[in-house]
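The values are calculated or read from the model by the stated rules, or taken from the named source; none is laboratory data. Here the structure is a predicted model, which means the values were calculated and not measured. So basically every Cβ, Gly included, is an ideal-geometry build from the backbone, and we count neighbours across all protein chains shown. Please note that ligands, DNA and RNA were not included when accessible areas were found on the heavy atoms of the full protein model with its side chains. Shrake-Rupley method; radii C 1.70, N 1.55, O 1.52, S 1.80 Å.
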Amino acid sequence: MICSILASTSLGGIGNKGTLPWPKNSEDLQQFKKHTENEIVVMGRNTWDDLMMPKPLRNRVNFVVTNRNINNIDVRSIQGDICEELKNIQERFPKKKVFVIGGKEIYESTETVIERVYLTRMKGAWFADTRIDLDRYLTCFQIYSVCPGDNCTYEIWNRKFF
């Protein structure tokens, strides 16, 4: 299964100055770990370069979409048609979920192959210079579950199949 996992403000803010708009949120990080641990994560170069991002994410197979060299033997780089690459990764690892974890360009360019969206809606007002249009992004999905947390709300959306 190919999934995306993201956290956003109520207005779709997902980034500010190259990192998350809010301070470290252990509740959300635990949720992220719960879903992605022992699975595959795919991220863009800017997400990889985020100073708050551990490199590589432990207990996961890490892929970075980039044309530049990555000096880390535990990370694989991919380039070209990202949707085809995601399908190829899924074929090579059929028992694992593939998670797109950011950033904006990767989310938007892969939305046609995403089967499930794990969305954390952060409570509070946070300034963001990078936004995703959540209404448009979720157009082809239907809500599967909603779970309120202390600092955020967790939603799972499944692709509508007609």
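Using the rule -39500 (n - 2.57) for each DSSP H run of four or more residues, divided by the residues of the chain, the 222 nm mean residue ellipticity is -6000 deg cm²/dmol. The ellipsoid that matches the Cα gyration tensor of segment 109-152 has semi-axes, each √(5λ) in whole angstrom, of 21, 16, 8, with the longest given first. If ligands, DNA and RNA are left out, what is the accessible area of Ser109 with a 1.4 Å probe, given in Å² to the nearest 10? In the full protein context, Ser109 sits at about 60 Å².
With the cut-off at under 17 Å, measuring from each backbone N in segment 91-113 to a point 7 Å along the Cα-to-Cβ line of Cys83 picks out 91, 100, 105-113.
If both residues of a DSSP beta bridge must be in the chain, then about 45% of such bridges are antiparallel.
Share of pairwise Cα-Cα distances greater than 25 Å in segment 1-104 is 16 percent (whole percent). The charge dipole of segment 35-162, taken about the Cα centre with unit charges on the Cβ atoms of Lys, Arg (+1) and Asp, Glu (-1), comes to about 300 debye, rounded to the nearest 20. For segment 146-157, the Karplus equation 6.51 cos²θ - 1.76 cosθ + 1.60, evaluated at θ = phi - 60°, returns couplings of 9, 9, x, x, 6, 10, 6, 10, 9, 10, 10, 10 Hz by residue, with Gly and Pro reported as x. A Förster radius of 30 Å combined with the Cβ-Cβ distance from Ser26 to Phe161 puts the calculated FRET efficiency at roughly 0.25. Ranking Thr19, Ser8, Val41 by Cα position along the charge dipole of segment 1-43, where only Lys, Arg, Asp and Glu carry charges on their C-beta atoms, puts Thr19 farthest toward the positive end. Calculated over segment 46-102, the projected area of the Cα convex hull averaged across directions stands at 4.2 nm². Partner lysines whose Cα lies under 28 Å from the Cα of Lys96, excluding those fewer than 8 positions away in the same chain, are identified as Lys24, Lys33, Lys34, Lys55, Lys87, Lys104, Lys160. The solvent-accessible area of Arg136, taken with every protein chain present and a 1.4 Å probe, is close to 110 Å². Around the amide H of Ile78, modelled in the peptide plane, lie the amide H atoms of Val64, Val65, Thr66, all under 5 Å away and 5 or more residues distant in sequence or on another chain.
Across all C-alpha atoms in segment 81-162, the radius of gyration and Dmax reach 14.0, 41 Å.
A simple rule links phi to the HN-Hα coupling: the Karplus curve 6.51 cos²θ - 1.76 cosθ + 1.60 with θ = phi - 60°, which for segment 16-29 gives 8, 6, x, 8, 6, x, 10, x, 3, 10, 4, 4, 5, 4 Hz, with x for Gly and Pro.
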